[in-house]
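Student: Before we start, here is the structure in question, set down as structure tokens.
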Amino acid sequence: MDKLFARFANATAKAAGSPIAFLLCVTLVVAWAASGPIFRFSETWQLVINTGTTIITFLMVFLIQNTQNRDGAALQTKLDELILASNAENQFIGIETLSDKELAALHARCVEAAQRSQTLVEKAQSERESRAAASKSGKARAKPASRSRPQVRKAAAKPSS
């Protein structure tokens with residue numbers, strides 16, 4: 001029964017999200033509005049559109065929610081598999097069931113780690129730029145001297161980056 005409902009919900013959600021479904025709904029509303037003068041804009045005429053749209057909305061909520069629940073579960077399963085297959089922390093598996101407070105604390109921890117990482121990246125970039133600038137200025141001074149006579153310089157061994 002679950003499989004049948006899942007297939008029905010998927011097909012209905014896909015069809016309801018199509019441009020054709022939208023155009024059909026617009027056509028239905030325009031036809032309803034055009035029929036107003038025929039029914040003298042009566043309460044029954046208004047009740048038809050109100051009842052129809054309410055019933056359709058009510059049913060669609062459950063179909064769409066079912067589809068989103070399955071999509072969310074599939075996405076979480078894929079993310080869990082990526083976490084397991086990587087060097088990421090396994091404590092992130094199943095966090096979708098945590099409370100809002102627990103998620104906020106975990107998020108804050110991740111933000112702090114990202115900021116520390118960004119600081120290290122910026123520091124390394126700055127050091128590389130400083131070394132590059134020093135290297136350029138050293139070469140610029142060395143060129144004129146090397147034209148007049150060769151110089152032998154003892155260079156400190158630099159680790160390659």
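The values are calculated or read from the model by the stated rules, or taken from the named source; none is laboratory data. Bear in mind the structure is a predicted one, so any value in this text is a computation, not a measurement. Note that each Cβ is placed from the backbone with ideal geometry, even for glycine, and that neighbours are counted across all protein chains shown.
Student: If you scan the stretch 36-47, which residues turn out to be out of contact with any helix residue (DSSP H, G or I) (no Cβ under 7 Å at 6 or more places or on another chain) and on the phi < 0 side of the Ramachandran plot?
Tutor: As a first pass, look at the stretch 36-47 and keep what is out of contact with any helix residue (DSSP H, G or I) (no Cβ under 7 Å at 6 or more places or on another chain): 37-38, 40-47.
Result: Pro37, Ile38, Ser42, Glu43, Thr44, Trp45, Gln46, Leu47.
Residues checked against (1) of a type in the set (Lys, Arg); (2) within 30 Å of Cys110 (Cβ to Cβ); (3) surrounded by 10 or more Cβ atoms within 10 Å (Cβ to Cβ); (4) touching a strand residue (DSSP E or B) at 6+ places or on another chain (Cβ under 8 Å):
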{"position": "Ala6", "(1), (2), (3), (4)": "no, no, yes, no"}
{"position": "Ala11", "(1), (2), (3), (4)": "no, no, yes, no"}
{"position": "Leu24", "(1), (2), (3), (4)": "no, no, yes, no"}
{"position": "Ala31", "(1), (2), (3), (4)": "no, no, no, no"}
{"position": "Gly36", "(1), (2), (3), (4)": "no, no, yes, no"}
{"position": "Thr53", "(1), (2), (3), (4)": "no, no, yes, no"}
{"position": "Ile56", "(1), (2), (3), (4)": "no, no, yes, no"}
{"position": "Asn66", "(1), (2), (3), (4)": "no, no, yes, no"}
{"position": "Ile83", "(1), (2), (3), (4)": "no, yes, yes, no"}
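Student: Which of the following residues is β-branched (Val, Ile, Thr) and under 20 Å from Ser18 (Cα atoms): Thr77, Thr53?
Tutor: Values: Thr77 fails: under 20 Å from Ser18 (Cα atoms).
Just one listed residue meets the conditions, Thr53.
Student: Of (1) over 28 Å from Ala114 (Cα atoms); (2) not in a helix (DSSP H, G or I), Thr44 satisfies all except one. Which?
Tutor: Result: Thr44 passes all but (2).
Student: Also, quick follow-up: Say we look at the stretch 73-102 and pick out the residues that are outside any loop (DSSP other than H, G, I, E, B) and charged (D, E, K, R); which of these is modelled with the lowest pLDDT? Even if it seems obvious, please write down each step before you answer.
Tutor: The initial filter retains those residues of the stretch 73-102 that are outside any loop (DSSP other than H, G, I, E, B), namely 73-85, 90-92, 95-97, 100-102.
Okay, now just the ones that are also charged (D, E, K, R), so 78, 80-81, 96, 100-102.
Working: Lys78: 91, Asp80: 88, Glu81: 89, Glu96: 84, Asp100: 90, Lys101: 93, Glu102: 90.
Checked the stretch 73-102; the qualifying residue modelled with the lowest pLDDT is Glu96.
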